[in-house]
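What follows is a set of notes on a single structure, which appears directly below.
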Amino acid sequence: MRATNGAARHKMIKRLMKRAKGFWSGRHKMYRVACEAVKRAEVQAFVGRKLKKRTFRSLWIKRISTACRAEGITYSRLIAALQKADIRLDRKQLSELAINQPAAFKDVVAKAKAVA
């Protein structure tokens, strides 16, 4: 007969139950239910990491757009002008400039306007 309750099996179950710690009701007590819950949680975590990148990018774009309007240029025209001027700043860097160093952001916009 095949042994199914060896040390390796206990270790595997213990590892999975540790990952299910804090889950609600039987999801942290019962192995079969916990197994499904952990698998689903991992899928959701993967999706969440991808969504996080999207939401941050949209936040940066909104910040840049707002700062651009104050300088008298639209976001799309600024991005196009930056590409023409060969100024390689990504949206995260531009957003940080717009918030923390408005003078530097003005200079970047002025250079972009000169090319466009």
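Do the conditions hold for Glu42, that is, is it among the acidic types (Asp, Glu) and farther than 16 Å from Ala116 by Cβ?
Details: among the acidic types (Asp, Glu): yes; farther than 16 Å from Ala116 by Cβ: yes.
So Glu42 fits the description; yes.
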Q.
Please pick out the residue among Gly26, Gly72 that is closer than 29 Å to Gln101 by Cα and of a type outside the set (Phe, Trp, Tyr).
A. Gly72
Q. If the Cβ limit is 8 Å and pairs must be 6+ apart or interchain, which residue in the stretch 12-27 that is within 14 Å of Ala41 (Cβ to Cβ) pairs with which residue that is outside any helix (DSSP H, G or I)?
A. Arg27/Ala20
Q) Of the residues that make up the stretch 78-89, is at least one in a helix (DSSP H, G or I), over 25 Å from the mean Cα position of the chain (by Cα) and farther than 23 Å from Arg54 by Cβ? A) yes
Q. What number of residues within the stretch 32-76 satisfy the criterion of being of a type outside the set (Ser, Thr, Tyr), surrounded by fewer than 14 Cβ atoms within 10 Å (Cβ to Cβ) and either under 30 Å from Lys21 (Cβ atoms) or in contact (Cβ under 8 Å) with a residue 60 or more places away in the chain (or both)?
A. 18
**Q.** Within the stretch 90-116, considering residues that are more than 16 Å from Thr66 (Cα to Cα) and either among the basic types (Lys, Arg) or not in a helix (DSSP H, G or I) (or both), the one modelled with the lowest pLDDT
**A.** Ala116
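The values are calculated or read from the model by the stated rules, or taken from the named source; none is laboratory data. Predicted model, so just to flag it, every value in this text is computed and none were measured. Glycine also receives a Cβ, built like all others from the backbone with ideal geometry; neighbour counts cover every protein chain displayed.
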